[in-house]
Amino acid sequence: MHAVPGQHDLPHHQLSDITKSAYWTLVENGKIINLNYLQPVEVESQGQILRLWGFPWGTELVSLEAPHDMMIEIAVVHKYLWIPGKRYEGAPVESRVGKSKSKLRGYGIVVSGDNHIPWTAKMSCANSPNDLYGVTLFNCGCLIPRRIDERKIKPSVGILYSDNTIKRHYLDTSQDVWLDVSLNSSVPPIGFETLIESLSELGSSAINFTDTIKQLMEREKVNK
């Protein structure tokens with residue numbers, strides 16, 4: 001499969017550490033074809049050429065000023081994007097799809113992740129050089145619901161057609177079972193001694209606290 005990493009695929013949420021990740025193990029093993037930032041990959045599907053543009057976590061969307069008229073240009077984006085009614089309460093206004101309109105110019109398809117709520121939209125980007133059908137936006141949503149607020153979300157994938165439309169195909173989850181945990185269940189308290197013992201057992205696999213602080217300060221540009 002072709003993919004871009006999200007923040008939880010990356011150690012310390014740092015794209016520069018991608019080669020240290022489990023995601024990269026799958027890349028090295030040939031299970032994932034990684035879409036590098038602004039390095040398009042061409043894929044042929046039933047005589048149609050798709051050109052995939054990767055925008056992994058932490059990278060900026062960039063408009064496509066010279067799209068190929070014989071290809072379907074697809075942006076694969078891990079960035080929180082939302083439309084009205086499809087966001088968490090308090091989601092940043094700058095993450096609304098309309099705010100990124102100028103950066104979507106030139107693409108026929110935009111596939112986005114990070115927002116766990118699935119949604120599909122159509123947008124016309126004014127003066128776009130490849131706006132024959134407009135831009136189709138497909139937000140995948142979570143493939144594996146894990147939290148109580150995701151319980152009603154049905155996992156799905158998108159099927160892309162040659163006219164730049166995407167049909168959402170829902171997966172069979174009839175055998176899935178949610179575990180209902182009683183709020184009255186008694187959980188024994190954990191002492192610091194037990195916690196420290198547990199962490200020490202991790203040995204070299206444990207996340208280094210000092211490295212984590214350094215990564216955080218570098219990312220947040222903390223002054224000296």
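Could you check the range 1-85 for strands (runs of 3 or more DSSP E) lying wholly inside it with 3 or more residues that are crowded, with 19+ Cβ neighbours inside 10 Å and out of contact with any Ser or Thr (no Cβ under 8 Å at 6 or more places or on another chain)? Passing ranges, in order: 48-55, 71-78.
Filter the range 151-197 down to residues that are part of a loop (DSSP other than H, G, I, E, B), aliphatic (A, V, I, L, M) and at pLDDT 75 or above and give me whichever is least open to solvent (accessible area, probe 1.4 Å).
Ranking the candidates gives Ile153 first.
If you go through the range 86-113 and keep only what is open to solvent by 70 Å² or more (accessible area, probe 1.4 Å) and of a type outside the set (A, V, I, L, M), you end up with Lys86, Arg87, Tyr88, Glu89, Glu94, Arg96, Lys99, Lys101, Ser102, Lys103.
Among the residues in the range 114-136, are any open to solvent by less than 50 Å² (accessible area, probe 1.4 Å), among the charged types (D, E, K, R), in a loop (DSSP other than H, G, I, E, B) and modelled with pLDDT of 90 or more? Yes; the residues of the range 114-136 include at least one that is open to solvent by less than 50 Å² (accessible area, probe 1.4 Å), among the charged types (D, E, K, R), in a loop (DSSP other than H, G, I, E, B) and modelled with pLDDT of 90 or more. Among the residues of the range 69-84, those identified as of a type outside the set (A, V, I, L, M, F, W, C) and in contact (Cβ under 8 Å) with a residue 24 or more places away in the chain are Asp69, Glu73, His78, Lys79, Tyr80.
The values are calculated or read from the model by the stated rules, or taken from the named source; none is laboratory data. All of these numbers come straight from a predicted model, not from anything done at the bench. Every residue, glycine as well, gets a Cβ built from its backbone with ideal geometry; the counts of neighbours run over all protein chains shown. Surface accessibility is based on the protein's heavy atoms, side chains included, excluding ligands, DNA and RNA. Shrake-Rupley method; radii C 1.70, N 1.55, O 1.52, S 1.80 Å.
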